[in-house]
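Before any comments, here is the structure.
No lab work stands behind these numbers, since they all come straight from the coordinates. This structure is a prediction, so every number in the text was calculated from the model and none was measured.
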Amino acid sequence: MGFIDFPNPADWFESAKNSGMERDAANTVLSGVYSFWIAGMWSLGQRKYLSFVADAATAMYLSLSDLQKKGLLALTVPKAMLAANNLSKFETILITK
């Protein structure tokens, strides 16, 4: 078990399917959980000595943005996080085999 346990989307979708919950409802719940975590970490990271937490929130957003583009998530994040000067500090590299 790590310091922070992240929700596992595959487990959530599987349990939602088995319980008869519709996919849209599962997407909404998952989107809310991830948006809450990202916004909370971004807010916490605005403190003087915790800027690495804001970087972690931005990295999480960028990692999940692919799922957002595919329509599987609807992420709601602070506008300041999406500022060009913040996003320019990050680079996403996709490695395929």
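What are the aspartates and glutamates whose alpha-carbon lies under 20 Å from the alpha-carbon of Lys97, with same-chain residues fewer than 8 places away excluded?
Asp66
Less than 14 Å apart at the alpha-carbon level, and either on another chain or at least 8 residues along: which aspartates and glutamates does that give for Lys89?
Once the sequence-local aspartates and glutamates are set aside, what remains near Lys89 is Asp55.
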